[in-house]
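These notes concern the structure reproduced below.
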Amino acid sequence: MKINALIASQADQPLRAGQVELRELQADDVKIEILYCGVCHSDLHMARNEWGVSRYPLVPGHEIVGRVVAVGGNVTKFAAGDTVGVGVMVDSCGECHFCQQQEEQYCEAGFTPTYNGTDKYTGNTTFGGYAQHVIADQHFVVTVPDNLALNAVAPLLCAGVTVWSPLQHFKVKAGDRVGVVGLGGLGHMAVKLASALGAEVTLFTTSPAKGEDARRLGAKNVVISRDAAQMADCQASLDIILDCVAAPHDLDPYLGALKTNGQLVLVGIPDQPHPSPNVTPMVFRRLSISGTSIGSIQETQQMLDFCGQHNITADVEMITGEEVETAFERMLTSDVKYRFVIDMQKTHW
C-alpha cells in the first residue's frame, strides 16, 4: 500500500515529498489517516543521522493524531471515525517482564519505534507520521479526548508523556515542590502538567525573557540559573527536578536545590555526557539522579485523559510539510514556542 510522505533520502539532503510502502492491514492493526504530526527534536537528529542509526529512506514523526479509517478483524478497541493518537512506539515483544507490567518502553527485546524500526511482519523499516497514513497494532494506539484541539494534542504523544511518566513514577502530588530545567517542548509540558497536579513549580532557565511565559504556563517561581544569588536562594527547597535540557551541563547546582531524598530526573539526552556530578551532596542528603524514557501506552492514555479533564494541550506553531526544513533550522536556535506541528491536510504532495 503506497502512501505519500515526507522522506529523508540521506543525511545531507532535505526532506522531500514522495511515496513509501506501508504493510497490509493485519488482524490487530488500526489504519489511521494522519491529521497532525508534531516535530520532535529527535526527528531532526534522525533525519540528519546525528545518532548514527538512521536507515534511509526515512520518514520521521512520532507525535501523531489522526482518524481511524480501517481496522483489522481482531480489533475491538477502535472503529472507523475514532480520533486517536500514536506516539513513539508501534510494537514490542509483549512477553518480557516489562511488557507484562505495562512498561513497553523498557521492553527487553527493544520496542519497535514508530519510524526507523523493523516491522515484524515484513522486515521492512517502519515509517512515521510525516505522512498521510500510519498503521499500528491496536495496543499502541490511544484515544484522544473530544474536547481538546487536535493539532495541539499531537506533541503530548511524546513531549507530554515523557514528562508525565516521571511525575507519576515518583508520585508527584499536590503540595510537592517541583523544579523544571529548560522551557522548551518538554519543559513547557512539565510546567503545565506538574502545576495541574497541584505542585508548586519552579522553572530554571538561562533566559530572563522566559519568566513571564513560564508563569503563564503555571510556574510559581522562575530562577535564572546563571545567577548565583538566585540559585543560592533555592538551595535544598525542591522535592524533584525534571531536567529537560538536551545539552551537556553542570548538574551540581540542581542537586544543591534538592531537599534530602530529592530526585534529579534526566529526560533530555545530550549529544555529549554531562560533567560528572559531585558525589558529596548525594551521599549526605540521600539524593538520586535517574533517567526516564518516554512513557508506557497505559501512561500515555492516562496522561491524555488527565489533559482532557484539565483542558491541557501543548503550545504549538502550525506549519505545512513544505515548511519542515525551515522548522528544523529554527529548532536549532530554539526559535519556537513550543512545538512545531505539521498540518497534513494543508500539505501538498
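Identify the residue in the range 1-32 that is surrounded by 15 or more Cβ atoms within 10 Å (Cβ to Cβ) and acidic (Asp, Glu) and, among all such residues, is farthest from CYS244 (Cα to Cα). Among those residues, the one meeting the criterion is ASP28. Within the range 1-52, the residues that satisfy the criterion of being touching a residue at least 12 places away in the same chain (Cβ under 8 Å), touching a helix residue (DSSP H, G or I) at 6+ places or on another chain (Cβ under 6 Å), assigned to a loop (DSSP other than H, G, I, E, B) and not acidic (Asp, Glu) are PRO14, LEU15.
Of the residues in the range 163-177, none is touching a residue at least 40 places away in the same chain (Cβ under 8 Å), closer than 23 Å to LEU6 by Cβ and surrounded by 24 or more Cβ atoms within 10 Å (Cβ to Cβ). Any residue in the range 138-152 that is touching a strand residue (DSSP E or B) at 6+ places or on another chain (Cβ under 8 Å), within 15 Å of SER296 (Cβ to Cβ), without any contact (Cβ under 8 Å) to a residue 60 or more places away in the chain and open to solvent by less than 40 Å² (accessible area, probe 1.4 Å)? Within the range 138-152, none of the residues are touching a strand residue (DSSP E or B) at 6+ places or on another chain (Cβ under 8 Å), within 15 Å of SER296 (Cβ to Cβ), without any contact (Cβ under 8 Å) to a residue 60 or more places away in the chain and open to solvent by less than 40 Å² (accessible area, probe 1.4 Å).
I need the full set of residues from the range 80-110 which are among the hydroxyl-bearing types (Ser, Thr, Tyr) and surrounded by fewer than 20 Cβ atoms within 10 Å (Cβ to Cβ), in order please.
Selection gives THR83, TYR106.
Got at least one residue in the range 209-225 being at pLDDT 95 or above, farther than 23 Å from LYS337 by Cβ and open to solvent by 20 Å² or more (accessible area, probe 1.4 Å)? Checked the range 209-225: no residue is at pLDDT 95 or above, farther than 23 Å from LYS337 by Cβ and open to solvent by 20 Å² or more (accessible area, probe 1.4 Å).
Residues that are touching a residue at least 12 places away in the same chain (Cβ under 8 Å), open to solvent by less than 20 Å² (accessible area, probe 1.4 Å) and closer than 26 Å to ARG216 by Cβ number at least 1 in the following strands (runs of 3 or more DSSP E) confined to the range 239-349: 258-266, 316-319, 339-343.
The values are calculated or read from the model by the stated rules, or taken from the named source; none is laboratory data. This one's a predicted model, so the numbers in the text were calculated from it and none came from an experiment. Cβ: placed from backbone, ideal geometry, glycine included. Neighbour counts: every protein chain shown. For accessibility, only protein heavy atoms count, side chains too; no ligands or nucleic acids. Shrake-Rupley method; radii C 1.70, N 1.55, O 1.52, S 1.80 Å.
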